[in-house]
Each structure stands twice: as structure tokens, then as C-alpha cells.
Amino acid sequence: MDIKKYTNAIVIDHPLLKHKISMLRDETTKTNEFRQLVKEIAVLEGYEAFKTLPTQLVEIKTPIETTMQPMVSGNKVCFVPILRAGLGMTDGMLELIPNARVGHLGMYRNEETHQPVEYYCKLPKNIEEKHVFLLDPMLATGGSAIDAVENLKKHGVKKITFICIIAAPEGVAAFCEKCPDIPVYIGALDRQLNENAYICPGLGDCGDRIFGTMVD
Ligand code: PRP
Ligand code: URA
């Protein structure tokens, strides 16, 4: 795909990120390792995506003198993971911005139609004043992320950034066409979707792998 035509799509290029995503894909990666990798990948992606956050000058007293220095207002930042898999990215993001707020959006894909179904929504007070970072490791058809953005906009949110780990070209195209105003940070851009709308080569079902729901 010609990703350059979508100016809001940013594929992050970093050897450590590539390495960790390759480990994530490996079917022999165990649940605890998988969960740890998702968290580490979130830290690497967050570091890149938070480049655009504004800073305010705050008075700091050093042992030498009083000075005005730049700081990020973490309480103006809100992470919104899409349940379940987005939860795996939240701790990594909070390591970077510990006083950020957290909202939750529960969505699952209907197995036959692949359409997203919303089942839960709990967003922090004054969400409309915050920069929302929407988190979901997988951008497949794009349906879940697009619905999540529409939901956030209905709640008055004006500034949204979407961060995913693996994206399919079909999902990037759908998302960028529907939400050209929302930056989307991508860890790896994969080849295509299969007939079940799974990403190829992908990593399988991310929620199941984070929470170990399909292993004994
Ligand atoms: C996965 C994933 C995304 C969605 C992506 O969740 O975490 O939310 O699929 O697919 P889409 O781009 O085609 O909408 P899933 O529906 O499997 O729910 P789960 O995390 O609860 O397992
Ligand atoms: N959701 C997943 O967890 N994996 C995919 O490949 C597609 C959607």
C-alpha cells in the first residue's frame, strides 16, 4: 500500500520496536512474556507519540537558583484502551505519564460480520478538555477504532491520537479515510487481512494472547 497518501498515518521506524514486535508474533511466546512485550512496546510507541505534547513552564528551585522549566501536564492526558487488548498497553503508557487519566471502552467484533459491538464505556470527568490517546494493539478492518473515535467525539473530545501495534493495510485505509484528522501511530504495517478478518502475518488473537484465555 502507498502509506504516504495517508498523511495522518505514522509507521514508527525503530529497531527495538521491530525486534519486540517480532517476538510478539512468535506463537511460542508465552502469556507472561507476551504481556510484558506489549507493555514494553507501548512505552516505545508512547515515547514517539508523546513528542507532540505541549509543555508549560513551571517554577523549579534547583540547589543553585529558581528557574522556569518545561513540564507536561499529565492530568490533561487521558488513555482510553479498547477492551480487552488495549488494556495490555495501558501500564506502559502510565509508566511514561503516571498522572494521566484512564477511560475504558469495551468493544468486541461479531465473529461472523466482523462488525464491532460496544458493551462498556466509562470515561473520566472533563474528558472533552483532555488529549485522548486511544489504545488498541490491532487495527484490522478498522471498525473498532473508527467506532471508538466516533464515540469519543460524541463525548466532546476534540484531540485524539490512536496508537496501535500491528495494522492491516485495509484497516489503515478505512481509518485514515474516515478519520483524516486523527494521527495514527503504527508499530508494524502487515500484508493483508485473511477471510476471517485476521491480520496476516499478524500475531493471532491479541486479547486471548494477553489474557491467556485459550491456553490451559
Ligand atoms: C480485537 C482488537 C481490536 C479489534 C480490531 O478485539 O483488539 O479491538 O479486534 O479489529 P477491527 O479493526 O476489525 O475492528 P476483539 O474484537 O477480538 O475483542 P477482544 O479484545 O475482547 O478479544
Ligand atoms: N483482532 C486480533 O486480535 N487479531 C487480528 O488479527 C485481528 C483482530
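What follows is calculated from the coordinates using simple rules that are stated; it is not laboratory data. Just so you know, these numbers come straight off a predicted model, no measurement behind them. We place every Cβ from the backbone using ideal geometry, glycine too, and count neighbours over all the protein chains shown.
Ranked by the mean number of other Cβ atoms within 10 Å of their residues, highest first, the peptides 147-156, 197-206 fall in the order 197-206, 147-156. Seen against the Cα atoms of the chain and their longest principal axis, helix 87-96 is set at about 20 degrees.
Legend: distances between Cα atoms for 5/154; 30/178; 61/130; pairs beyond 31 Å are 30/178.
Phi angles of the range 54-62 translate, via the Karplus equation with coefficients 6.51, -1.76, 1.60 and θ = phi - 60°, into HN-Hα couplings of x, 10, 10, 7, 10, 6, 10, 9, 8 Hz per residue; Gly and Pro are given as x.
The trypsin sites (Lys or Arg not before Pro) of the range 70-103 include none that meets both conditions, a loop assignment by DSSP and at most 12 other Cβ atoms within 10 Å of the site Cβ. Each Lys and Arg adds +1 at its Cβ and each Asp and Glu adds -1 at its Cβ; summed about the Cα centre, the range 1-149 shows a dipole of about 160 debye. Bridges between two residues of the range 100-216, per DSSP, are antiparallel at a rate of about 40%.
Using a Cα-Cα cut-off of under 16 Å, which aspartates and glutamates could be cross-linked to residue 39, ignoring same-chain neighbours fewer than 8 residues away? Within reach: 48, 91, 95, 136, 208.
With the highest mean first, a sort of the peptides 130-141, 108-119, 179-190 on other beta-carbon atoms found within 10 angstrom per residue produces 130-141, 179-190, 108-119.
In this structure the amide hydrogen of residue 161, modeled in the peptide plane, comes within under 5 Å of the amide hydrogens of 132, 133, 134, none closer than 5 places in sequence on its chain. Antiparallel as a % of all DSSP beta bridges within the range 73-125, to the nearest 5? If I count the DSSP bridges inside the range 73-125, around 60 percent turn out antiparallel.
Model label sites at residue 213 and residue 57, defined 7 Å from Cα along the beta-carbon direction, differ in position by 5.1 nm.
Applying the Karplus relation 6.51 cos²θ - 1.76 cosθ + 1.60 with θ = phi - 60° to the range 153-168 yields 3J(HN,Hα) values of 5, 4, 7, x, 5, 9, 10, 10, 10, 9, 10, 10, 9, 10, 10, 8 Hz, where x marks Gly and Pro.
Backbone phi angles across the range 128-134, fed through the Karplus curve with coefficients 6.51, -1.76 and 1.60 (θ = phi - 60°), yield HN-Hα couplings of 5, 8, 9, 8, 8, 9, 7 Hz in residue order; Gly and Pro are listed as x.
Put a plus charge on the Cβ of each Lys and Arg, a minus charge on the Cβ of each Asp and Glu, and nothing anywhere else: the dipole of the range 133-216 about its Cα centre is then about 440 debye.
Of all DSSP bridge pairs formed entirely within the chain, close to 35 percent run antiparallel. In terms of the mean number of neighbouring beta-carbon atoms within 10 Å, the peptides 19-27, 50-58 order highest first as 19-27, 50-58. Determine, from the Cβ-Cβ distance of residue 73 and residue 178 and an R0 of 30 Å, the FRET efficiency 1/(1 + (r/R0)^6), rounded to the nearest 0.05. Computed FRET efficiency for residue 73 and residue 178 comes out at 0.50.
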